[in-house]
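What follows is a set of notes on a single structure, which appears directly below.
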Amino acid sequence: MIKLNCDRKFLSIASLEERSNGWTHKFSIPADFLAKNGGSTQGDTVQILLLDASGQAVLDAFACVKTKFTTKGTLSATVGTESDADSLITSANLLEEGLFRSTSRPAIKGEKFYLTISTQASTGAPSDITDGQLDVYLKVHSL
């Protein structure tokens with residue numbers, strides 16, 4: 001597993017419209033970030049620290065594949081904590097454009113939240129990713 005910190009240039013405060021719907025944090029992860037930093041071993045998993053929510057709670061999440069990813073094999077993403085990688089978003093197929101909603105409704109307090117990208121064991125590596133963009137939105141509340 002390759003562990004990365006989210007490059008701050010990929011974090012933005014949600015737009016006024018997004019904030020009016022309660023979304024406080026938006027992370028835009030482009031394909032080239034994964035390809036450059038994710039490694040070249042088939043089946044590699046890339047774990048990206050999105051947020052250290054010490055003193056905060058994450059109430060909800062969703063992911064939007066704005067541009068489908070291009071790679072060899074399958075490519076999926078989960079969002080959650082280190083101990084429960086899919087506690088918020090169970091599985092997002094990054095090879096198709098679409099929205100993926102949170103599977104969890106109870107607030108998760110004081111944890112670190114990660115985006116985990118998984119490639120196919122026998123035919124895909126992060127360095128094979130050539131196109132795509134994933135936006136991850138979180139509703140974060142201060143305690």
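The values are calculated or read from the model by the stated rules, or taken from the named source; none is laboratory data. Being a predicted model, the structure only gives us computed values, none of them experimental. For neighbour counting, all protein chains shown are included, and Cβ atoms are generated from backbone atoms with ideal geometry for every residue, glycine included. Side chains are part of the model used for accessible areas, which takes the heavy atoms of the whole protein and leaves out ligands, DNA and RNA. Shrake-Rupley method; radii C 1.70, N 1.55, O 1.52, S 1.80 Å.
Taking the accessible area of the chain, probe 1.4 Å, and keeping the other protein chains in place, the carbon and sulfur fraction comes to 48%.
Given the convex hull of the Cα atoms of the range 34-87, what is a quarter of its surface area in nm²?
5.0 nm²
Suppose all protein chains stay in the model; what accessible area per residue would a 1.4 Å probe give for the chain, in Å²?
On the way: 6960 Å² over 143 residues.
For the chain, the per-residue accessible area is 49 Å².
Note on K36: aspartates and glutamates with a C-alpha under 16 Å away, same-chain residues under 8 apart excluded, are D7, D44, D128, D131. Among L59, L16, L34, the largest mean-square fluctuation in a Gaussian network model of the chain, built with springs joining Cα atoms closer than 10 Å, belongs to L16. Can you pull out the GluC sites (Glu not before Pro) in the range 75-143 that DSSP calls coil and that have at most 14 other Cβ atoms within 10 Å? Those that pass, being in a loop and sparsely packed, are E82, E96, E97. In the chain, the ratio of gyration radius to Kirkwood radius, Rg to Rh, stands at 0.96 when only Cα atoms are counted. For the residue pairs K66/K109; K26/K112; K26/K72; K72/K112, alpha carbon separations beyond 25 Å are given by K66/K109; K26/K72; K72/K112.
Express the relative contact order of the range 75-115 as a whole percentage, based on alpha carbon pairs under 8 Å and six or more residues apart in sequence.
On the way: 62 pairs, mean separation 18.1, N = 41.
Reported relative contact order: 44 percent.
Over the residues of the chain, the helix contribution to mean residue ellipticity at 222 nm works out to -2000 deg cm²/dmol, using -39500 (n - 2.57) for each DSSP H run of at least 4.
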